[in-house]
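Taking it in order: structure first as structure tokens, then the write-up.
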Amino acid sequence: MVGPSQSRVVVGSPRPRVIVGAIRPRVIVGSARTRAPRDATPRPQLAAGGSPRPRVVFGTPRARVIVGSPRPGVIVSSSWPACLKKEAALHVRKDFHPRVTCACQEHRTGTVGFKISKVIVVGDLSVGKTCLINRFCKDTFDKNYKATIGVDFEMERFEVLGVPFSLQLWDTAGQERFKCIASTYYRGAQAIIIVFNLNDVASLEHSKQWLADALKENDPSNVLLFLVGSKKDLSTPAQYSLMEKDALKVAQEIKAEYWSVSSLTGENVREFFFRVAALTFEANVLAELEKSGSRHIGDVVRINSDDKNLYLTASKKKATCCP
Ligand SMILES: Nc1nc2c(ncn2[C@@H]2O[C@H](COP(=O)(O)OP(=O)(O)OP(=O)(O)O)[C@@H](O)[C@H]2O)c(=O)[nH]1
Ligand SMILES: [Mg+2]
């Protein structure tokens, strides 16, 4: 894992390497840009410069953008971001887990505030992965298709329940010829977003294969899954409801949360990524609490014991407000 919000990744050279220290993350494939016109030879690398990125804040009574930027402030509800449909949700709750809320109030979130969570976005070519990320991170939409070559990534910084939290959104190539490069970046994901085109049933059928490939590099019990139908603006309501039935079936089979979005209109895009951030943040804090719950400063360590739990728990101090 690279350092917080300062990384640059170089991909596709004989040995990919990660350089820490640049201001904004940027991915270079050889000397080529990661997005090129379909079937065109790669173009020279353009620097992805720009102003400091705004930090999206939510989960606090009044959300605000902390780092200034030309982008207008993102106003977010103080509540836990809702899922799209109850039957398509990973968790049907109205708020963060009480242990998480309590830990945030008591500043007991350990290293979560310094961590960057990796999210990978996979799916068939041209389903709209890049447009989805760009709509959320840059609020832009490009109607011209430029295939992603290898991988690219964007960072988005959040503040959840007063704790800073960053997502690294990895945009991977759907084209078969770049799959090999892209799959080397699947490892270490905390969330996997599988995108399919709501107007192309084959892309939904391929979702399971994309997931299987992504899970080869990740621990299935430790990863959050999202199935996202894209290009909703192109479906009629009748077409959409037919497709949604199939998509919900697949989502339930693979235990993913289902969303439908349009990067053209922006429908559900922000809500979806807030949900990804909230669920990922919550999973991180719960994991941190579990870790710190099993090892407390002051615990007595048993020596010469076969017991797997070397830490005697008698001296554990109870948290004040956690259930
Ligand atoms: N109408 C409409 N078009 C979209 C939407 N999202 C993406 N597109 C178009 O679909 C095409 C492909 O979008 P990309 O985001 O580049 O697709 P991709 O999945 O990143 O493709 P690869 O990088 O090759 O894997 C582009 O022409 C986009 O303009 C959408 O929500 N609505
Ligand atoms: Mg792309």
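Screening segment 125-139 for residues that are more than 9 Å from ligand 1 (Cβ to nearest atom) and either free of Cβ contacts under 8 Å to residues at least 40 places away in the same chain or under 15 Å from the mean Cα position of the chain (by Cα) (or both) and picking the one that is farthest from Leu227 (Cα to Cα) gives Lys138. Considering the conditions (1) within 16 Å of ligand 1 (Cβ to nearest atom); (2) within 22 Å of Phe272 (Cα to Cα), Ile181 is excluded by exactly one of them, (2). Any residue in segment 99-110 that is outside any loop (DSSP other than H, G, I, E, B), more than 16 Å from ligand 2 (Cβ to nearest atom), under 23 Å from Asn218 (Cβ atoms) and at pLDDT below 95? Yes; the residues of segment 99-110 include at least one that is outside any loop (DSSP other than H, G, I, E, B), more than 16 Å from ligand 2 (Cβ to nearest atom), under 23 Å from Asn218 (Cβ atoms) and at pLDDT below 95. Applying the criterion of being under 20 Å from Ala88 (Cβ atoms) and either of a type in the set (Val, Ile, Thr) or part of a loop (DSSP other than H, G, I, E, B) (or both) to the residues of segment 267-293, the residue that is farthest from ligand 1 (Cβ to nearest atom) is Thr280.
Quick one: in segment 181-203, which of the residues that are in contact with a Leu (Cβ under 8 Å, 6 or more places away or on another chain) and over 22 Å from Ile149 (Cβ atoms) is farthest from ligand 2 (Cβ to nearest atom)? Here the answer is Gln190. Looking across segment 183-210, just one residue is among the aliphatic types (A, V, I, L, M), without any contact (Cβ under 8 Å) to a residue 60 or more places away in the chain and buried (at least 16 other Cβ atoms within 10 Å of the Cβ), and that is Leu204. Flag: Ser203 does not match the condition of being in contact with a helix residue (DSSP H, G or I) (Cβ under 8 Å, 6 or more places away or on another chain) and small (Gly, Ala, Ser). When restricted to residues that are of a type outside the set (S, T, N, Q) and within 11 Å of ligand 1 (Cβ to nearest atom), segment 140-157 contains 10.
The values are calculated or read from the model by the stated rules, or taken from the named source; none is laboratory data. Keep in mind that this is a model prediction, so the values were computed, not measured. All Cβ positions, glycine included, derive from the backbone under ideal geometry; neighbour counts span all protein chains shown.
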